[in-house]
Structure formats: C-alpha cells, structure tokens
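The structure under discussion appears below in the form of structure tokens.
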Amino acid sequence: MALITKKIKGTEDVLPKESYKWQFVEDIMRKEAQNYGFKEIRTPVFEHTELFSRGVGQTTDVVQKEMYTFDTKGGESVTLRPEGTAGAARAVLEHSVLNDGLPVKASYFVSCYRYEKPQAGRLREFHQFGLEEYGTSDPIADAELICAAQSIFDRLQIKELHLEINSIGCPKCRGEYHKALRAYFEQYKDQLCDTCLSRLEKNPMRILDCKSPQDKKIAENAPKVIDYLCNECKEHFEKVKEYLDCAGVKYIVNPTIVRGLDYYTKTVFEFVTDFIGAQGTVCGGGRYDGLMEELGGQHVPSLGFAMGLERLLMLMDKQGIEIPKPDTCNLYIAGLGDKAKAKAFSLVKLMRESGLSAETDVVGRGLRAQMKYADKINAKFSMVLGDNEIEENKAKLKNMETGEQSEIPLDSEGFIVKFIQVFVDAQSEPMAAFLTKDKGE
Ligand code: HAM
C-alpha cells in the first residue's frame, strides 16, 4: 500500500477496537467531576497567542519553544492550546461566569499541542482531563481538589502513583527567593544553556525545570523555595497538609517541584509513577491566584489540575488493569433468503429503536460466515431466521456464552418483551463488578 501520507510525528490515532478504554476512563472522570460539583466547560482549540504568552509565561519552555503558533489569513497570531487552564480562565472572565456565584467549578477534556521531542509518554498532540476552581483562597479547596484527583486514580484502581506536594509561595516571598536563586546560578553562568542564561535575570525559577541534563544537574543544589515562604504561604501550606491528613490522602513533600508554567502560586502538586519511564508525571496542578488578574480580570484566587490521558492509559496498561469491554452487540440476527433477510432487517431496527444494539448481515455473507461474524463482534445473543421461522412466526434465541436457547415470537411487541426478559436474566455487569472490586487489590 502506498499511502499518500501517514500520521504526523508525535500524534496518535485511537482506533475503534481501543476506544472503549478511553471512554471508560473518561466516564469515570466525568462522574467524579460531577460528584465534586464540577460542570464541563468547552473552549476553542486555538486562541490568540498572547493568551498563552501572558498566561502560561514568556520564559516557560512551553511558550519559548513548544507552541504551535501561526498567522491567520487575516494576519492574527493564533496558537493551538498547549494546555487547558488559560483558555478556561479566559472564557470564565469573558462571560462573567464568576457572577453566577463562587466558587465556579469547571471540568474539561482537551486536546493539547506542544512541539516537544516525542518519546514514550511525550506527544505533540495529547489529551488532558482537568478541573479548575475559581474564587476561593481557602486551603480546604486545595485539599478538596487533590482529593478529587486521588479519587479518580482510586476508582481506576491505579497503584504506585505517588502524590508529591510543595508550596512555591506568592509574589511577596518570591522576591527574596529570586535573589537567592540568582546568586546561586551566577556561579554556573558559563555552564547554563542559552535559554537559561536569558532566564537568569527575568525569571530564575524557570531554570529549575529546564530539560537540559547539564542544567538539571546544576539545579539539584539550588536553594529551595519552601525555605523562603512568607508566613501566610507557610500557614496555607500547613493547612493544606492538615486537610489532606484528615482526608486520609497520602503525600510526600517534594521541595523540588516548581511546575513548568508561570501562573502557579502557593500549593503545587504532581502525581508521579516509576511505571511508565521518564515521563512519569501523570497529573499536575496547583493554585494560581494571580492568573485572572494577569489576563485582565479581577483578583480571583483559583486552582486546578490536569491529567494526561495517554500517560494514564499507559500506566493502567503497564499495571495490567483490565478495562471491561462494553457489550457491542446485544443480538445478531442472521437472515437466510429474501423474506428472512427483510424480517431480520426490520427486527434489528426495532431493537435499536428500543435502545438495544443489534446487527444483521449487510455484506452478503452466508450463514456460517454470519455466525463467525456474530462471534467476532461478541454478540451476546444470536438468532437465525429462515423460511420456517417466518412461516411459524417464531425463532430460537441463542445465548452465545452459555449456548442456552429459548423460543421468541417474531411479532414486534412479543419479540421485544421476550428479548428484554431473556437479556435481563442473563445480564452480567462488568462495569459494576469492576467498580465494586476491592480497591488496591
Ligand atoms: P502540565 O504539567 O503541563 O500542566 O500537564 C498536565 C499533564 O498533561 C501532565 O502531567 C501529563 O500527564 C500531560 N502532558 C503534558 N505534556 C504532555 C505531552 N507532551 N505528552 C503527553 N502528555 C503530556 C498543565 O497543563 C496545567 N494546565 C495543569 C493545571 C490545570 N494547572 C492548574 N490547572
């Protein structure tokens, strides 16, 4: 096959036989977001470039190196979103959503675009699920948000995913910290990469998450922001930890977490694992009390997190967590001969109108091939219609798993009533079984 083109480097296709895994994970996230009071927000995939350069920060790797930015035919500079927080914040401000009452809680699924070097767990197009909460400075909100993320991981039965937290303070405590950082990195000026040299004056904290191995090594012994917190930030962090203890959420304080985006203040956190290689951060977030003002809005203390769906699915796969396959077909009806084929067609339509999935042959297969196909698509029940069945107006409904057969009338009402009866009796509930299975098994 000579395809005219293939997928772009760093992008992935989700094929029909795999998509149930995404749907399963997304359903759990959606449900948990609801449990915690979040409502979905949807924003455009591209925004004016300055939203990200101002919001995410001029000196971040994301803005300096990774954005997909282009000029439109109208001469505007637009950027494919590298993350979901800035767009959601823009929409909340633009539509005065804060007037609806605080806190505003928004959830989202977004595709994101970053021109990074692709490797396992690092893509150029990837997907995030995120929660954002606007209008609370109370540390209980930080703990509640972290609980929501933890709860999603628990429901997915993920193990060995560790919560690491830190506080990176507020603009008040940053002044002293920046001074200390500059003094430290000045000693290594001749060894830092060019990007970090330019960050030394403007935003020395960004040197701490540079990806260059040499800079990483130098950053290991740099002063830690947690030692420079003002009283308010210290107290806030203590309270967050208290609430996490009270919720029974386990964490470790990791003073080296600074996060790669500029908007964070006070609490930052990451869920990390060793299971999926170097890109082990599955979820990251924190408080961003200054972002709404940075975007031209009022002062609205806010916080949020995002988890990467690809990394999460990779982790589940590595841990052998089985995701239940949905029943794709409740009933396969094989029709032999013109009359029976037409009857099968009308019964399949009736099934679908009644909210049940059903299929019949649409490619002209013989009986054996049809039954093989019914097996392949995992049909729960099958039924063969021929001249006899049409004449007698009844057929045999076969449970494909047990082989059990029962008689079913072919008139519309009788057919559906009987099918539902047999179907409900036989129904297994893989999803319920999955959810009620002991956590941490
Ligand atoms: P982030 O740490 O840049 O934070 O990304 C969040 C998650 O997205 C990561 O933990 C990872 O799972 C996934 N991710 C990031 N980059 C890639 C990539 N190149 N390939 C695959 N997955 C990736 C944010 O984006 C913030 N907006 C999170 C946040 C929300 N903070 C507050 N609210």
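The values are calculated or read from the model by the stated rules, or taken from the named source; none is laboratory data. Here the structure is a predicted model, which is why all the values come from computation and not from measurement. So basically every Cβ, Gly included, is an ideal-geometry build from the backbone, and we count neighbours across all protein chains shown.
The table below gives the values:
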item	result
Complete set of residues in segment 98-124 that are closer than 20 Å to Thr49 by Cβ, touching a residue at least 40 places away in the same chain (Cβ under 8 Å) and either buried (at least 18 other Cβ atoms within 10 Å of the Cβ) or within 8 Å of the ligand (Cβ to nearest atom) (or both)	Val110, Tyr113, Arg114, Glu116, Arg124
Contacts under 7 angstrom Cβ, first residue in segment 151-165 being not assigned by TED's automatic domain parsing to the domain that holds Phe269, partner in a loop (DSSP other than H, G, I, E, B), 6 or more apart	none
Test: residue in segment 231-243 that is basic (Lys, Arg) and more than 23 Å from Thr267 (Cβ to Cβ)	no
Answer residue from segment 285-306, given it is more than 17 Å from Gly87 (Cβ to Cβ) and near the ligand (Cβ under 9 Å from one of its atoms) and is surrounded by the fewest Cβ atoms within 10 Å (Cβ to Cβ) among those	Gly286
Close pairs (9 angstrom Cβ cut-off, 6 or more residues apart or separate chains): under 23 Å from Lys105 (Cβ atoms) and at pLDDT 95 or above in segment 75-86, more than 13 Å from the ligand (Cβ to nearest atom) and not in a strand (DSSP E or B) anywhere	Arg81/Pro44; Arg81/Val45; Ala86/Arg54; Ala86/Leu295
Residue check, Leu131 within 14 Å of the ligand (Cβ to nearest atom), touching a residue at least 24 places away in the same chain (Cβ under 8 Å) and crowded, with 17+ Cβ neighbours inside 10 Å	yes
Close pairs from segment 40-65: first in the same structural domain as Glu132 (by TED's automatic domain parsing), partner assigned to a strand (DSSP E or B) and not β-branched (Val, Ile, Thr), Cβ under 6 Å, at least 6 apart	Glu40/Ser107; Ile41/Ala106; Ile41/Tyr108; Phe46/Leu80; Thr49/Ser77
Of residues in segment 260-280 being farther than 19 Å from Phe153 by Cβ and not aliphatic (A, V, I, L, M), the one surrounded by the most Cβ atoms within 10 Å (Cβ to Cβ)	Tyr264
Within segment 166-197, tally of residues that are more than 27 Å from Ile252 (Cβ to Cβ) and polar (S, T, N, Q)	3
Residues of segment 17-50 satisfying the condition of being within 24 Å of Val62 (Cβ to Cβ), in a helix (DSSP H, G or I) and β-branched (Val, Ile, Thr)	Thr49
Checking Lys266 against (1) on the phi > 0 side of the Ramachandran plot; (2) away from the ligand (no atom under 16 Å from the Cβ), the condition it does not meet	(2)
Strands (runs of 3 or more DSSP E) fully within segment 279-373 counting 3 or more residues that are within 36 Å of the chain's Cα centre (by Cα)	281-287, 302-308, 358-360
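Residue-by-condition table, conditions (1) part of a helix (DSSP H, G or I); (2) touching a residue at least 40 places away in the same chain (Cβ under 8 Å); (3) surrounded by fewer than 21 Cβ atoms within 10 Å (Cβ to Cβ):
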residue: Cys173; (1), (2), (3): yes, yes, no
residue: Glu176; (1), (2), (3): yes, yes, yes
residue: Ala180; (1), (2), (3): yes, yes, yes
residue: Tyr184; (1), (2), (3): yes, no, yes
residue: Asp190; (1), (2), (3): no, no, yes
residue: Thr195; (1), (2), (3): yes, yes, yes
residue: Arg199; (1), (2), (3): yes, yes, no
residue: Leu208; (1), (2), (3): yes, yes, no
